[in-house]
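The values are calculated or read from the model by the stated rules, or taken from the named source; none is laboratory data. This structure is a prediction, so every number in the text was calculated from the model and none was measured. Glycine gets a Cβ as well: all are built from the backbone with ideal geometry, and neighbour counts include every protein chain shown. Quick note on the areas: whole protein, heavy atoms, side chains included, nothing else; ligands and nucleic acids left out. Shrake-Rupley method; radii C 1.70, N 1.55, O 1.52, S 1.80 Å.
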Amino acid sequence: QIRLVESGGGLLQAGNSLRRSCVASGHTFRAMGWFRQAPGKEREFVAVINWDSSITYYGDSVKGRFTISRDNAKNTVYLQMNALKAEDTAVYYCAADTQFGGITADHFQAWGQGTQVTVSS
C-alpha cells in the first residue's frame, strides 16, 4: 500500500523557519515534491527533487527561501522553509511519482494527507 505521511506543520511568525518531512512507503519514487494550497486558490507547485538529488526545481514564489532534500535510506523527503512570509500560509502536500519530469499536480500519483502551515505577520 502506497502511503505518504507528513509531519512538521504549525503556526509560526513571519521570518521564522520550519522543516517539513514526508515518509513514503509501499513504493520507490523517482520524483518527490511538495505542493501547497491556500484558501480559494489552486494547488501550487512548491518544489520537486529527483531520485539521486541531482535535480531540483522550485516554484518562483519560494526560490531562494525553501530547500528540498531527500534521504532515500529513510524514504523521506524534506522541505526546509526559511524566511517565512504570511503569503506562505497554506495546506502543504507531499507528492510522489515513479517518474521524474513533471511539476504539475496531475503528474504525481501519490499524495500525503496535507498539513496546515500558518504564518502570522
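Here are the numbers for this structure:
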{"item": "Of all residues in segment 47-92 being charged (D, E, K, R) and open to solvent by 60 Å² or more (accessible area, probe 1.4 Å), the one that is farthest from THR115 (Cα to Cα)", "result": "ASP52"}
{"item": "Test: residue in segment 12-34 that is outside any strand (DSSP E or B), within 14 Å of the chain's Cα centre (by Cα) and over 18 Å from GLY101 (Cα atoms)", "result": "no"}
{"item": "Checklist (1) at pLDDT 95 or above; (2) open to solvent by 20 Å² or more (accessible area, probe 1.4 Å); (3) touching a Lys or Arg at 6+ places or on another chain (Cβ under 6 Å) applied to GLY8, failing item", "result": "(1)"}
{"item": "Only one of SER69, SER53 that is of a type in the set (Ser, Thr, Tyr), in a strand (DSSP E or B), touching a Ser or Thr at 6+ places or on another chain (Cβ under 7 Å) and free of Cβ contacts under 8 Å to residues at least 60 places away in the same chain", "result": "SER69"}
